[in-house]
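Peer 1: Please find one structure pasted underneath; my questions will follow.
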Amino acid sequence: MGSMSMVHWVVVVAAMTLLFGGGRIASSMGDLGKGLKAFRREMADAEAAPPRLEAPADH
């Protein structure tokens, strides 16, 4: 009962296509992919860079 069947996903995708249009969904997925790619690139750059040491704060 908690899992979603293939028919459920087809209905959801069809409803989203009708509401938003195919082009808008495709461009949104493209933007999401670009964002994920940039995030991965920044994470790789952060791991490759030496860690910065910060001075302890005076309390």
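The values are calculated or read from the model by the stated rules, or taken from the named source; none is laboratory data. This is a predicted model, so every value here is computed, not measured. Cβ sites come from the backbone with ideal geometry, for glycine too, and all protein chains shown count toward neighbours.
Every residue, every condition in (1) of a type in the set (V, I, T); (2) at pLDDT 90 or above; (3) over 14 Å from the mean Cα position of the chain (by Cα), yes or no:
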residue: M4; (1), (2), (3): no, no, yes
residue: T17; (1), (2), (3): yes, no, yes
residue: R24; (1), (2), (3): no, no, yes
residue: F39; (1), (2), (3): no, yes, no
residue: E47; (1), (2), (3): no, no, yes
residue: P51; (1), (2), (3): no, no, yes
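Peer 1: While we're here: Evaluate segment 20-28: report whether one residue or more is at negative phi and assigned to a loop (DSSP other than H, G, I, E, B). It would help to see each step written out before you state the result.
Peer 2: Pass one, segment 20-28, residues at negative phi: 20, 22-28.
Next, only the ones that are assigned to a loop (DSSP other than H, G, I, E, B) stay: none.
Checking segment 20-28: not a single residue is at negative phi and assigned to a loop (DSSP other than H, G, I, E, B).
Peer 1: Is there any pair linking a residue in segment 23-50 that is within 30 Å of V13 (Cα to Cα) and free of Cβ contacts under 8 Å to residues at least 12 places away in the same chain to one that is of a type outside the set (A, V, I, L, M) and surrounded by 10 or more Cβ atoms within 10 Å (Cβ to Cβ), with Cβ under 7 Å and at least six apart or on different chains, and which?
Peer 2: Note: pairs meeting the criteria are I25/T17.
Peer 1: Got at least one residue in segment 46-58 being in a helix (DSSP H, G or I), surrounded by 10 or more Cβ atoms within 10 Å (Cβ to Cβ) and at negative phi? Working first, answer last.
Peer 2: Of the residues in segment 46-58, the ones in a helix (DSSP H, G or I) are 46-48.
If we keep only those that are surrounded by 10 or more Cβ atoms within 10 Å (Cβ to Cβ) too, we end up with none.
Looking through segment 46-58, none of the residues is in a helix (DSSP H, G or I), surrounded by 10 or more Cβ atoms within 10 Å (Cβ to Cβ) and at negative phi.
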